[in-house]
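A short worksheet on the structure shown next.
The values are calculated or read from the model by the stated rules, or taken from the named source; none is laboratory data. Values in this document were obtained by computation on a predicted structure and should not be read as measured data. Positions of Cβ are backbone-derived with ideal geometry, glycine not excepted, and every protein chain shown enters the neighbour counts. For the accessible areas, the whole protein counts, side chains as well, though only heavy atoms, and no ligand, DNA or RNA atoms are used. Shrake-Rupley method; radii C 1.70, N 1.55, O 1.52, S 1.80 Å.
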Amino acid sequence: MQNKHPEKLLDEKGLRVDGRRLDQLRPVRLEVGILDKANGSAYIEQGKNKILAAVYGPREAHPKHIALPDRAVIRCRYHMAPFSVDERKSPAPSRRELELSKVIRESLEPTVLTDLYPRTTIDLFVEILQSDGGSRCAGITAASLALADAGIPMRELVAACAVGKVQGQLALDLSDIEDKQGEADLPVAYMPNSNLVTLLQMDGILTLPEFEKGLNMAIEACKTLHTMQREALKNKYSQIREVAEEKEEPEVIA
Amino acid sequence: MSATPQLPPVAKLEQKTVVDLIAKGNRIDERGHDSYRPITIQTGVIEKANGSAQIFLGKTRVLVGIKVETGEPFADTPEEGVLTVNAELVPLAHPSFEPGPPDENAIELARVIDRGIRESKAIDLKALCLQKGKKVQVVYVDVYVLDHDGNLIDAGSMAALAALANAKIGKYEIKGDEVIVKPDRRPLPINNYPVSVTFGKVDRNIIVDPSLEEEQVMNARLTVTIEKSGSICAMQKGGLSGFTTEELRKIVHIAVERAAENRAKILAAAKI
Amino acid sequence: MVVLAEPRQVVAPGELLAEGDHLLGENSYKIGNQIYSACVGLLEVDGNRVSVVPLKGGYIPHVGDIVGGRVMDIGLSGWTVDILAPYVAMLPASETEGPRGPRRRDLSEMFDVGDMVMAQILSFDRTRDPLLTAKGPGLGKVSSGRVIQIQAAKIPRLIGRKGSMISMLKRETGCQISVGQNGIVLVWGRSPEGERVAVEAIYMIEREAHMRGLTDRIREMIAKSPRMEEEVAKQAP
């Protein structure tokens, strides 16, 4: 655990505390289908963020009265493990977690074809095992993979990334250290095919030109993450296939 | 857990009327897409509060009371006062509001209002420190929704700003471990005036200040809070759909214009 | 019309599959004249029709499907049955073979809580839970054999084109196999050994459903199984 607060977040070359350029993402690792019992699951590491997402459903609505007659209900819980931050976090849901559960759900609702499963629920759990700034965005990136892994029909994968401002400069994907001293934070979730921004929050101060530039930076990063998501998803299903193809001649299957 | 909300009990035909009018460039209450409902703000309506304001935004009615008390600072900001925003969706305001702890809508409402005030540094929290690390002033902003006819975020944040601008605090003296409050009517130190502007997306149309009828047909919501110099200091998207990048570009510019107009109304009401 | 992804390729949700005048198949959607995938699956092009065969996903009832289910509760006029779907199914007493009216005193004599039944989906739509019938050949209470559960998305592969996979499996293992579209599979063998090989083969099909040359590999696996060799030896005169 480190708790240092460097004086300068940008060096003379314009590089950040962890050596990144302003428009550079932290290293991202994505894994799909890593939990056994869940219908779909995914894991993301982004910087020091370690986040698990799992999907159960579509399943019978419990309690019955929460069901909707013409579409599936999506339920979402964003939760931080007590050991995920420097000082132990009470496991009881905080107001922040309740709000994030809502905005994460709303960032994913536009992509899920919920009208195919009326009167059911799709439950989505985002568990932050270690938090390092930008956990809601990383959580969305993982959660949309978990939805796809559960075989739930959806328009497309949703990727999310935040842009912040450090020492007056827009910077992509702030880490915890940068976030704590940052001057603004703009988390964005994006669906590229539909050109739809499905999560948008902001705190700090941004001028209109800064907002436009920041939004573009975040969207470009979402597109990069989107490609990575697609690869991670396909990887899971292609691995066994390659092994098989070495052994067997092609055959038409039903 | 956050769950997809229940459908509003509005017949399809009624919804269609609202949607069709918007598609034609009109609105059910005959406003333009970019205009607000009439705004009336009264300040100083609760004598026992340090500051208070009541807003009527069309038929939406929100009361905000400010209470200033002494308390302890947060460990990471020992030299700053504390800001706490809480919102109550009082059951008398709408049949769907039920007694009980704040639900996700009340929490979101409070946190979006809080974000605007906090991020624009509207209150000079440093000036509220009495004894470093031990005693500071705590500003409680309680947002009370009394009649819900849509756009609670803007109504709540405008009323909160008017109430803060109207708030008066006593004179604090420290003697040993005791804090003595002497009656005085000094204004709360206010540095900035953040104003939120909320948009609704109905099909492909963007409207400002959605009423409840419009909220029930809109696909997505976006709040943009603008501080006094015209920069953005908070944003929050809600609803089951999203916004295109072109829409967002248009929205932020409208937000700056509407915020300036509404800020003038708030300051006039608070007599600043 | 242009198909942009390679047929039988793994596709992700939102992936562009084809452009132009195509027919929209399962698990895909259109924006303008572009067809996109709506799930993780294999791209299938059948003439002009573009669809995606899902690799994952739970069971969603369809009228006419044969399903396996567990009796959860007994009501006044029928049973509620868990068919591994988001919707609980109803099996009315009138949809079972057996005595009618006052002669039947207790529904539990026919199907008790915890019983496994094979049934067919009689009706199901967006507003009503699935209604089952247990009348018909091969339907009704299951009281012997092995019950296994695989992913519903893999059932088409277990059956194979025109039933090729399942008939091969039955032939080679000498087992009776009954398949529920919801992933419940029943296996009855002449011997426990044959049953075990058949079960192993079914799990292998589930694991490797999206790979090519599976039928041959399954046949090979069954033939190589020492258990099967023993079986064959035992049965030999």
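Some notes on this structure:
- Contact with the other protein chains removes 30 Å² or more of accessible area, compared with the isolated chain and a 1.4 Å probe, from these residues of region B:220-235: B:Ser231, B:Ile232, B:Met235.
- FRET efficiency estimate (nearest 0.05) - Cβ-Cβ, B:Leu92 to B:Lys48, R0 25 angstrom: 0.80
- Residues in region C:1-27 occluded by at least 30 Å² - accessible area, probe radius 1.4 Å, against chain by itself: C:Arg8, C:Val10, C:Ala12, C:Pro13, C:Gly14, C:Glu15
- For B:Tyr193, the solvent-accessible surface computed with a 1.4 Å probe is close to 40 Å², ligands and nucleic acids excluded.
- Taking 7 Å steps out from each Cα toward its Cβ at B:Ala264 and B:Gln131 produces label points 4.8 nm apart.
- Sulfur and carbon atoms: percent of accessible area, region B:80-200 [1.4 Å]: 49 percent
- Listed peptides A:99-105, B:24-30 appear in the order A:99-105, B:24-30 once ranked by packing, highest mean of other Cβ atoms within 10 Å at the front.
- The interface between chain C and chain A buries about 3600 Å² of solvent-accessible area in total (1.4 Å probe, ligands and nucleic acids excluded).
- Ordered by 1.4 Å accessible area with all protein chains kept, B:Phe243, C:Phe124 run largest first as C:Phe124, B:Phe243.
- In terms of Cα atoms, the Rg and Dmax of chain A work out to 19.3, 64 Å.
- Considering helices alone, the calculated mean residue ellipticity of chain C at 222 nm is -6500 deg cm²/dmol, with DSSP H runs of length four and up weighted by -39500 (n - 2.57) and normalised per residue.
- Calculated FRET value between C:Gln9 and B:Glu69, using beta carbons and R₀ = 51 Å, to 0.05: 0.20
- Debye intensity ratio I(q)/I(0), log10, region A:80-209, q values 0.11, 0.12, 0.14 Å⁻¹ (C-alpha model): -0.43, -0.51, -0.68
- Whole-angstrom gap from region A:171-240 to region B:168-207, using each part's C-alpha centre: 32 Å
- Accessible area in square angstrom per residue, region A:71-183, 1.4 angstrom probe: 27 Å²
- Compared with the dominant Cα axis of chain A, that is its longest principal axis, helix A:208-247 is turned about 40°.
- Counting only whole DSSP H helices of chain B, the ones at least 18 Å long by C-alpha along their axis and with mean Kyte-Doolittle hydropathy no lower than -0.5 are B:104-119, B:152-166, B:245-269.
- Partner chain coverage, peptide B:238-248 - average Cβ within 10 angstrom: 6
- What the phi angles of region A:49-65 give under the Karplus curve with 6.51, -1.76 and 1.60, with θ = phi - 60°, is a coupling list of 5, 10, 9, 10, 10, 9, 10, 10, x, x, 9, 4, 6, 10, x, 4, 5 Hz, glycine and proline written as x.
- For chain B: accessible area per residue (Å², 1.4 Å): 45 Å²
- When chains A and B come together, the accessible area they lose, probed at 1.4 Å and totalled over both chains, is close to 3700 Å².
- Spatial offset of region A:56-124 relative to region B:81-144 amounts to 25 Å, using the alpha carbon center of each.
- Per residue, in Å², the accessible surface of chain C once ligands and nucleic acids are set aside, probe 1.4 Å: 46 Å²
- For the residues C:Ser144, B:Ser120, a 1.4 Å probe over the protein chains yields an accessible-area ranking, largest first, of C:Ser144, B:Ser120.
- Put a plus charge on the Cβ of each Lys and Arg, a minus charge on the Cβ of each Asp and Glu, and nothing anywhere else: the dipole of chain C about its Cα centre is then about 420 debye.
- Rounded to 10°, Cα long-axis angle of helix A:135-149 versus longest principal axis of chain A: 20 degrees
- Per-residue SASA entry for B:Phe74, accessible area with 1.4 Å probe, Å² rounded to 10: 120 Å²
- Burial order of peptide ranges B:210-221, A:155-166 (average beta-carbon count within 10 Å, highest first): A:155-166, B:210-221
- Its convex hull of Cα atoms gives the protein assembly as shown a direction-averaged projected area, equal to a quarter of the hull surface, of 41.2 nm².
- Distance (nanometres) between label positions extended 7 Å along Cα→Cβ at C:Tyr203 and C:Asp46: 3.2 nm
- Solvent-accessible area of region C:1-125 (1.4 angstrom probe, protein heavy atoms only): carbon and sulfur portion equals 52 percent.
- Working ranking of peptides C:177-189, C:147-159 by packing, defined as the average number of other Cβ atoms within 10 Å per residue, highest first, is C:177-189, C:147-159.
- Solvent-accessible area of chain A (1.4 angstrom probe, protein heavy atoms only): carbon and sulfur portion equals 53 percent.
- With each label modelled as a point 7 angstrom along the Cα→C-beta vector, the B:Glu79-B:Glu246 pair spans 5.0 nm.
- Within 10 Å of each Cβ in C:35-42, the average number of Cβ atoms from other chains: 6
- Helix-only mean residue ellipticity at 222 nm for chain B, each DSSP H run of n ≥ 4 adding -39500 (n - 2.57), per residue, nearest 500: -8500 deg cm²/dmol
- Over all other residues within a Cβ to Cβ distance under 13 Å of B:Lys12, the charged ones net out to -2, with Lys and Arg as +1 and Asp and Glu as -1.
- Amide H to amide H, with H built 1.01 Å from N, B:Lys228 comes under 5 Å of B:Tyr193, counting only residues 5 or more places away or on other chains.
- Calculated [222 nm] ellipticity per residue, helices only, for chain A: -10000 deg cm²/dmol; basis is -39500 (n - 2.57) per DSSP H run with n ≥ 4, divided by all residues, nearest 500.
- Among B:Leu57, B:Leu92, B:Leu188, residue whose mean-square fluctuation peaks in a GNM of chain B (springs only between Cα atoms under 10 Å): B:Leu92
- Exposure of C:His22 as accessible area (Å², to 10), given a probe of 1.4 Å and all protein chains: 10 Å²
- Inter-part distance where region A:125-170 and region B:26-46 are each reduced to a Cα centre, Å: 37 Å
- Span per principal axis, largest first, for the Cα atoms of chain C (Å): 64, 56, 22
- What the Cβ-Cβ distance of B:Asn191 and A:Leu208 gives, at R0 = 25 Å and to the nearest 0.05, is a FRET efficiency of 0.75.
- Taken residue by residue and averaged, Cβ atoms of other chains lying within 10 Å of the Cβ of B:109-121 number 3.
- When the residues B:Val90, B:Val45, B:Val139 are ordered by accessible surface, computed with a 1.4 Å probe over the protein chains alone, the sequence from largest down reads B:Val45, B:Val90, B:Val139.
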